[in-house]
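Chemist: I am attaching a structure below and will ask some questions about it afterwards.
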Amino acid sequence: MEDGALTSDWLGAFNAVPRELFVPDLMWPGKAKGTGTGQGDALDRNENPEAWFEAVYSDVSLTTQWDDGQHWGTGKGRTPTCSNSQPSMVFSMLAALDVQVTSRVLEIGTGTGWNAALLSERVGPSNVFSVEVDEENAKAARERIESAGYRPTLIVGDGFEGYREGAPYDRVLVTAALTEVPHRVIGQVRTGGVIVAPYATTYGGEGVVRLTVQRDGSAVGPFVSSSAFMRLRQQRQKRRHVREYLGGKKWPADGVQSMTSVSPELIGDWLPMFAIGLQTQGVFPWAENYDDGSYTLWLRDTAVTSWATVGYEPGREEFEVYQSGPRDLWDEVVVAYLRWDAQGRPGFEQFGLTVDGETGEHTPWLGSPDHPLRIVD
């Protein structure tokens, strides 16, 4: 586990609530840091217990469900939809939550049940409320949590709505990435209460935000780390195929050609993607990769009005651009990137977020809430 993730106040809970109790016999371990991304091959506890235990006690995430339960067998599905999260991420988020012995805690996303059990050990089961939208996951988590000796309040429902019956809460922990912090959930938290959640931009990149609820009902706070969680099911977005942007024509269709000296490689890492995402609205990337190491970076808008492509070839210093529609998407992305670069390339922890208590408007900022980021238009 990464140094400092498991603080002394969570050590007792970690020892009392073994991770192995919350991992099904069949799972797909993530890859160790520095060895790539994605999931490895399936591990079955009954067939290879030694490898299964080694994965469980490694600092990697463990995928436990694919495609909302519509995938069976030992192969990989299309999209991972439930996991037992990486321990260093679990405990860094719990540390950011800063629970007290009497804290009343709402968890959004029960998952495999490990977080709910850890919280129950720390603050008592009567103070823990956990919502899970997937009925099968909720049933399995309940069995694991109760087998471990805890009886928190477990709800099958829409986490986007929170759980009003248990409010007001002192703390809220979200275990799926949000593109919008639910206004109803903020309203269920006491003034001075804390919400810890992964927050993902439309463009890409994601960070854990720690919001404190204010007297006026707003929620304000900094990002505390990077993250990479599955999206909250209720906030998933279905992307339209590139062909729908071309209007039935072959690429480059009516795209206007230009050249750029800004390499797509510069904006492909998680941090610059996050910084770009905080400054842009409704634009997202997709890379079409080729065998020779080149690729086409596609940019599209969620309104399906505009698109852009940038052709990357290794060793080149200028790259061909095509843009179409009322928005020049590549120009917007470049402006956002260059602003971040000119500011000294600030990291995740230098950004923050304010969610308005009345309108629900999300305003990202840099350094302090007094310095909101300007949205590129």
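Chemist: From (1) outside the structural domain of T175 (by TED's automatic domain parsing); (2) in contact (Cβ under 8 Å) with a residue 12 or more places away in the chain; (3) of a type outside the set (K, R); (4) within 25 Å of A336 (Cα to Cα), pick out the condition that doesn't hold for A253.
Modeler: (4)
Chemist: Moving on to the next point. Mind telling me which of the residues T363, T359 ends up being of a type in the set (S, T, Y), under 26 Å from the mean Cα position of the chain (by Cα) and at pLDDT below 95? Give the steps one after another, and end with the answer.
Modeler: On the way: T363 fails: at pLDDT below 95.
Answer to the selection: T359.
Chemist: With the structure loaded, tell me whether S258 is assigned by TED's automatic domain parsing to the domain that holds A96 and of a type outside the set (K, R) or whether it fails that test.
Modeler: Taking the combined requirement at face value, the residue does not satisfy it.
Chemist: Follow-up. For the subset of the range 211-228 comprising residues that are within 19 Å of A275 (Cβ to Cβ) and crowded, with 22+ Cβ neighbours inside 10 Å, which member is modelled with the highest pLDDT?
Modeler: F223
Chemist: Using the structure shown, decide if I276 is crowded, with 16+ Cβ neighbours inside 10 Å, at pLDDT below 95 and not basic (K, R).
Modeler: Considered against the rule, which asks whether it is crowded, with 16+ Cβ neighbours inside 10 Å, at pLDDT below 95 and not basic (K, R), I276 comes out as no.
Chemist: Just checking, how many residues over the range 293-308 are of a type outside the set (F, W, Y), without any contact (Cβ under 8 Å) to a residue 60 or more places away in the chain and outside any loop (DSSP other than H, G, I, E, B)?
Modeler: 5
Chemist: Another question, if that's okay. Could you grab me the full set of residues in the range 119-152 that are buried (at least 24 other Cβ atoms within 10 Å of the Cβ), touching a Leu at 6+ places or on another chain (Cβ under 9 Å) and in a helix (DSSP H, G or I)?
Modeler: The answer is L119, A141, I145.
Chemist: Is it fair to say L353 is under 22 Å from the mean Cα position of the chain (by Cα), crowded, with 18+ Cβ neighbours inside 10 Å, closer than 27 Å to D254 by Cβ and touching a residue at least 12 places away in the same chain (Cβ under 8 Å)?
Modeler: No: the conditions fail for L353.
Chemist: Under 9 Å by Cβ, and 6 or more places apart or on different chains, what pairs join a residue from the range 153-164 that is more than 19 Å from L118 (Cβ to Cβ) with one that is among the acidic types (D, E) and crowded, with 18+ Cβ neighbours inside 10 Å?
Modeler: V156/E132; V156/D134; G157/E132
Here's the yes/no breakdown for (1) at pLDDT 95 or above; (2) surrounded by 18 or more Cβ atoms within 10 Å (Cβ to Cβ):
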{"site": "T7", "(1), (2)": "no, no"}
{"site": "G12", "(1), (2)": "no, no"}
{"site": "M27", "(1), (2)": "yes, yes"}
{"site": "K31", "(1), (2)": "no, no"}
{"site": "T37", "(1), (2)": "no, no"}
{"site": "L43", "(1), (2)": "yes, yes"}
{"site": "W66", "(1), (2)": "no, yes"}
{"site": "W72", "(1), (2)": "no, no"}
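Chemist: On to the next question. Among the residues of the range 142-159, are any over 30 Å from K31 (Cα atoms), under 21 Å from the mean Cα position of the chain (by Cα) and not aliphatic (A, V, I, L, M)?
Modeler: Yes; the residues of the range 142-159 include at least one that is over 30 Å from K31 (Cα atoms), under 21 Å from the mean Cα position of the chain (by Cα) and not aliphatic (A, V, I, L, M).
Chemist: Hey, can you tell me all the residues within the range 359-370 that are farther than 23 Å from G282 by Cβ and not hydroxyl-bearing (S, T, Y)? Full working, then the answer.
Modeler: Taking the range 359-370 as the starting set, the residues that turn out to be farther than 23 Å from G282 by Cβ are 367-370.
Once the filter is applied, which keeps residues that are farther than 23 Å from G282 by Cβ and not hydroxyl-bearing (S, T, Y), the range 359-370 yields G367, P369, D370.
Chemist: If I filter the range 174-181 for residues that are at pLDDT 95 or above and over 21 Å from the mean Cα position of the chain (by Cα), do I get at least one hit?
Modeler: No, the range 174-181 contains no residue that is at pLDDT 95 or above and over 21 Å from the mean Cα position of the chain (by Cα).
Chemist: Let me ask you something else. Quick one: which residue in I186, I155 is under 29 Å from G277 (Cβ atoms), of a type in the set (A, V, I, L, M, F, W, C) and either in contact with a strand residue (DSSP E or B) (Cβ under 6 Å, 6 or more places away or on another chain) or surrounded by fewer than 16 Cβ atoms within 10 Å (Cβ to Cβ) (or both)?
Modeler: Within the list I186, I155, the selection yields I186.
The values are calculated or read from the model by the stated rules, or taken from the named source; none is laboratory data. Small disclaimer: the values here were computed from a predicted structure and weren't measured. Don't worry about glycine lacking a Cβ; one is built from the backbone with ideal geometry, like all the others, and counts go over all protein chains shown.
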